[in-house]
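A short write-up of the structure that comes next.
The values are calculated or read from the model by the stated rules, or taken from the named source; none is laboratory data. Predicted model only: the values in this text are computed from it and were never measured. Please note: Cβ atoms are built from the backbone with ideal geometry, for glycine as well, and neighbour counts cover all protein chains shown.
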Amino acid sequence: MYGFEALTFNVDGGYLEAIVRGHRAGLLTASDYNNLCQCENLDDIKMHLSATEYGPYLQNEPSPLHTTTIVEKCTLKLVDEYKHMLCQATEPLSTFLEYITYGHMIDNVVLIVTGTLHERDVHELLEKCHPLGMFDSIATLAVAQNMRELYRLVLVDTPLAPYFSECITSEDLDDMNIEIMRNTLYKAYLEDFYRFCQKLGGATAEIMSDLLSFEADRRAVNITINSIGTELTRDDRRKLYSNFGLLYPYGHEELAVCEDIDQVRGVMEKYPPYQSIFAKMSYGESQMLDKAFYEEEVKRLCLAFEQQFHYAVFFAYMRLREQEIRNLMWISECVAQNQKSRVHDSVVFIF
Amino acid sequence: MEKFIENLPPMDLMRSEKMTLVQLIIPAESSHRAVSYLGELGLLQFRDLNADKSPFQRTFANQVKRCAEMSRKLRFIKDQISKANLLSSMRPVMQPDIELEELEIQLAEHEHELIEMNSNSEKLRQSYNELLEFKIVLQKAGDFLVSSGSHAVSERELDENVYSNNDYVETSSLIEQEMRPGRPDQSGLRFISGIICKSKALRFERMLFRATRGNMLFNQAPADEDIVDPVSRETVEKTVFVVFFSGEQARTKILKICEAFGANCYPVPEDITKQRQITREVSLRLSDLETTLDAGIRHRNKALTSIGMHLVKWMNMVRREKAVYDTLNMLNFDVTKKCLVGEGWCPIFAKAQIQAALQRATFDSSSQVGIIFHTMDAVESPPTYFRTNKFTNAFQEIVDAYGVAGYQEANPTVYTVITFPFLFAVMFGDWGHGICLLLGALVLLARESKLSTQKLGSFMEMLFGGRYVLLLMSLFSIYCGLIYNEFFSVPYHIFGGSAYKCRDTTCKDAYTVGLVKYQDAYPFGVDPSWRGSRSELPFLNSLKMKMSILLGVVQMNLGIILSYFNARFFSSSLDIRYQFVPQVIFLNSLFGYLSLLIIIKWCTGSQADLYHVMIYMFLSPTDNLGENQLFWGQRPLQIILLLLALIAVPWMLFPKPFILKRLHTERFQGRAYGILGTSEMDLDVEPDSARQHHEEFNFSEVFVHQMIHSIEFVLGAVSNTASYLRLWALSLAHSELSTVFYEKVLLLAWGYDNIVIRLVGLAVFAFATAFILLMMETLSAFLHALRLHWVEFQNKFYHGDGYKFRPFSFASLTEDED
């Protein structure tokens, strides 16, 4: 299959690749961000966005605008584009596109379960869910009392069902359990997605394995940092790392025993691609790590567009749009709260 | 000659309007009025002097935002009106002009009112829906309970007073009433009844089954009435369900699932008398609610209609305001911040009108200071503006689609008006089809006033826009069709009898030996006797082919002559001497000569082989022509022409770039300090004005450019002439196609004595004529005519590197712009 994509790819995927590249051209550029950062209030942001592809989605919003409205409408645009692409897609691209949303599905499940645990209103929680990760019976999640029920009642119908095989316990749900569940699910999801991409072969496998490895490694680092000082045992921690990626397997062994952030840093600096990320931070600091990872991710995602005839552009586009929405949210929040000096703290320029 | 050309009256469309760059200095207090008067006039194109500023940093960003907000409200109201199925009244109500501020307040009020009414009616509808659902549940679930009543020991009891003492609004709390915990001491079978969307019913049942591990009984029945969703106002099909279960835990689970699925639960009393009583009460309250709802809707509709009367006017007004502020945003504040400075292009003839409008604005806003309006000189090329009318507009569009003419460049539209439909008709020559097209064009013209006001689909709009093109195309088709003597491929003796007749009265050798000529030639067009003869095709092909070449050479010559007029107009004698002259010589010594031969051959009826003449003119020009000689002195003439053509090629290639180089060096000789001077001059130049710098002279670039042009012309002379043969090819294809449909479909079907076959044949013929000959062929002939104009004709002289004049005008604001 490898090397012959140019011959057959356009039969099924050509139209959608053109669409997604067209969408990518609509991503906000650095000059857009510069203009946005100069805005005085949310109406200015709306005015600037109305000249971009977000225009039609924001034009009917009444004037005292909220950050949530902006984010909601921008997400709506992403969802509309995604749904359009999904409608047009044929196998295996449609499965690939569906895989992209599973991450959001996991997040939504965790959100609802945690929310019900803390006695929140289900409908309120549903509004907070990411629309890409919605499934039919998501509201029913509130009924479940433990993992087993969760699986048997609701999730068995969803694509997440196979990922659950590792975390079915009869234990009652609590915060720790849920977090472990999230990471176990994510691990299973990433591994499954990775296998799927390998099966597709060609440039898709090559580029996606790079992107997914990065994702897996980032999760491994985050799990390690977040679990420092908790009662999670080393073995349990080790179990949450995905079984692929640049760190697998030796890096994982080392990460599993880390006790503080500097040890993590020591482990990661052995890997050249991550050296530059950690080199930017001073010792003992972990706040800027997220941004550094995001920047690295955006760089890699942009590179995915350099090659043609593969599916990774869809993944890259969705991720870039999500990053853009995060940027917009941050900028809008900063503008709304008059914290304009902090605007650049978390904005990741895409181009 | 020079004199004669000088004295020609100026052609209207030949050159675009003379434009001038003007500067306006408008006192701030009269700026708004001045700009809106200019918008009404629509003859001034503003230049954006703030291109580097983002939209919200401009001076009038706030006003633009307010306008956008108002148009949002107007859109909301319009949306409401169309949702309520009210027609926004077409007759605009005469009403004194209101100020924008007032409108803003009014709009805010209206919007607020509407939103309030909507939320009220939504609440009402919600409770109405609940009652309706309750009624349906009572009916349906009652049936289940009766049928299963003998087994089910239901412990549900309802307090009657719940339903009797409160008014209908409180019934929205029905769900809560139902959710009161059941009495814990009771066990056994219980039930929950409710209603759910039909699409969710299956999944709901499955979920219930799983949650209760199968310990439940699910009954469902479709609701008879559709429920209208209060938010989206769409009707939803619903299903009534009754779940029987046992145990308290199952009950909480089921209730949670009900909530998750958005199923509304309603209690149904076991007792039939109670059921009847509640049903009665519910129905009573339903009818109450209905009247309230109706009254609400009537009230709302009334409000909407009263707004709807002004809606169109308001929308127009807001659109105009927004356009005015957008334009004001393009102006600069001067140093004192009291005046706005604007620059723009206007046609020279409009200066007086603009000045008058500005004076009016000063007067109306009772400003102390007048508006200063003066012309500036510009380096940048002005926009191109042709004053077209509804007839010439479509043709101008055809030319503009290729490229907008440079400022004051010769406009091919002048000739395209006639040549385009004519070349189309050469390919589409059939007066039957022409009449069909003419009828279509006439229908469009007759309904012109009606169609021009309404919104058309994209296809219809295209057709309507080109209605005059269509008219001319059809007229010329009829003309060419008469020349070709084709009417749906049937020949007619319109202009007298044929010049040929059979040799004897039996006419039996007409198709073997041939006919004899017995009278003068058929007076107009092709003799109908050619039809069906063995030599029909060779005769028509030769005729059409030669005609195509003649037309092509004439049109290409016209193009070259236009390049002469361009060169004269821009007084570039270089172009005349080293481009126009050799081009004329080259084209005419080869293909002009061919045209001459064709005409001589037609006049003399000679048998000479023109291919042979042309080919051997190149291969062996000195050879004797033999029987192909058409006139005395042909051989020396050919040699001279060939030599001329050979000379013409280097003539158009070499001199021009070298002369340009010499001129350039001469200009800078003795001006060694020239460059320093310019940098000082740059300081004087106003920062934002249209002045530019000197162009650099790059000899190799100029030379390569000239080489490309020369090669293109030399090769193009051959390929373009050949390209005109498409006139013949398309015309042949058209006549052959119509012959096929006529003979192989219509005549074949007519041969049978069966009415069905005849009808089918007629139908096929009609469809083929309409869709293939009238639509597809029209389209293809149109495209080929387009190509001949764009490529073969216009590349001889047309640069098309200008940009269109887009004046700021209220008339050009369209509805979908906001």
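Residues in segment B:476-499 include at least one that is touching a residue at least 40 places away in the same chain (Cβ under 8 Å), in contact with a Lys or Arg (Cβ under 9 Å, 6 or more places away or on another chain) and in a helix (DSSP H, G or I). Of all the residues in segment A:82-107, those that are over 18 Å from A:Asp192 (Cα atoms), in contact with a Leu (Cβ under 6 Å, 6 or more places away or on another chain) and part of a helix (DSSP H, G or I) number 3. Among all positions in segment B:397-408, there is no residue which is over 27 Å from B:Lys796 (Cβ atoms) and surrounded by fewer than 16 Cβ atoms within 10 Å (Cβ to Cβ).
Going by what's in this entry, would B:Leu331 be described as within 32 Å of the chain's Cα centre (by Cα) and at pLDDT below 85? So B:Leu331 fails the test.
Scanning segment B:775-813 for residues that are aromatic (Phe, Trp, Tyr), in contact with a Leu (Cβ under 8 Å, 6 or more places away or on another chain) and assigned to a helix (DSSP H, G or I) yields one hit, B:Phe793.
Could you go through segment B:191-198 and let me know if any residue there is more than 16 Å from B:Asn264 (Cβ to Cβ), at pLDDT 80 or above and of a type in the set (S, T, N, Q). Within segment B:191-198, none of the residues are more than 16 Å from B:Asn264 (Cβ to Cβ), at pLDDT 80 or above and of a type in the set (S, T, N, Q).
If you go through segment A:54-99 and pick out every residue that is crowded, with 19+ Cβ neighbours inside 10 Å and in contact with an Asp or Glu (Cβ under 6 Å, 6 or more places away or on another chain), you end up with 1. Every listed requirement among (1) in contact (Cβ under 8 Å) with a residue 12 or more places away in the chain; (2) of a type in the set (Phe, Trp, Tyr); (3) assigned to a helix (DSSP H, G or I) is met by B:Phe459 save one, (1).
Among residues of segment B:231-251 being surrounded by fewer than 22 Cβ atoms within 10 Å (Cβ to Cβ) and touching a helix residue (DSSP H, G or I) at 6+ places or on another chain (Cβ under 9 Å), the one that is farthest from the other protein chains (Cβ to nearest Cβ) is B:Phe244.
Checking A:Val71, A:Val79, A:Val110 one by one, the residue that is more than 29 Å from A:Tyr194 (Cβ to Cβ) and either away from chain B (no Cβ under 14 Å) or free of Cβ contacts under 8 Å to residues at least 24 places away in the same chain (or both) is A:Val71 and no other. Only one of the listed residues (B:Leu451, B:Leu475) is farther than 30 Å from B:Ser606 by Cβ and within 21 Å of the chain's Cα centre (by Cα). That residue is B:Leu451. Note on segment B:375-425: residues that are more than 22 Å from B:Leu470 (Cβ to Cβ) and either in a helix (DSSP H, G or I) or among the basic types (Lys, Arg) (or both) amount to 1. Only one entry in A:Arg300, A:Arg265, A:Arg237 is surrounded by 13 or more Cβ atoms within 10 Å (Cβ to Cβ) and in contact with a Ser or Thr (Cβ under 8 Å, 6 or more places away or on another chain), namely A:Arg237. Kindly indicate whether A:Thr204 is part of a helix (DSSP H, G or I), of a type in the set (S, T, N, Q) and closer than 30 Å to B:Lys200 by Cα. No, not satisfied. In summary, B:Ala722 fulfils each of the numbered conditions (1) buried (at least 20 other Cβ atoms within 10 Å of the Cβ); (2) under 26 Å from B:Ile549 (Cα atoms) with the single exception of condition (1).
Restricting to segment B:252-280, give me the number of residues that are away from chain A (no Cβ under 14 Å), outside any helix (DSSP H, G or I) and touching a Lys or Arg at 6+ places or on another chain (Cβ under 8 Å). Result for segment B:252-280: 4. Among the numbered conditions (1) over 21 Å from the mean Cα position of the chain (by Cα); (2) within 14 Å of another protein chain (Cβ to nearest Cβ); (3) part of a helix (DSSP H, G or I); (4) of a type outside the set (Val, Ile, Thr), the only one that A:Gly115 does not meet is (1). Looking for something within 10 Å of another protein chain (Cβ to nearest Cβ), part of a helix (DSSP H, G or I) and touching a residue at least 40 places away in the same chain (Cβ under 8 Å) - is there at least one such residue anywhere in segment A:14-33? Checked segment A:14-33: no residue is within 10 Å of another protein chain (Cβ to nearest Cβ), part of a helix (DSSP H, G or I) and touching a residue at least 40 places away in the same chain (Cβ under 8 Å). For A:Ala51, the criteria (1) assigned to a helix (DSSP H, G or I); (2) surrounded by fewer than 20 Cβ atoms within 10 Å (Cβ to Cβ); (3) among the aliphatic types (A, V, I, L, M); (4) within 11 Å of chain B (Cβ to nearest Cβ) hold in every case but one, which is (1).
Would you pick out the residues in segment B:369-396 that are under 30 Å from B:Val341 (Cα atoms), surrounded by 13 or more Cβ atoms within 10 Å (Cβ to Cβ) and of a type in the set (Ser, Thr, Tyr)? Hits for segment B:369-396 are B:Ser381, B:Thr384, B:Tyr385.
The residues in segment A:186-196 that are over 17 Å from the mean Cα position of the chain (by Cα) and either within 22 Å of A:Asn108 (Cα to Cα) or touching a residue at least 24 places away in the same chain (Cβ under 8 Å) (or both) can be counted, and the count is 1. Residues of segment B:610-618 include none that is touching a Lys or Arg at 6+ places or on another chain (Cβ under 6 Å) and farther than 30 Å from B:Asn411 by Cβ.
Entry remark, segment B:189-207: residues being touching a Phe, Trp or Tyr at 6+ places or on another chain (Cβ under 6 Å) and either of a type in the set (Asp, Glu) or within 10 Å of another protein chain (Cβ to nearest Cβ) (or both) number 3 in total.
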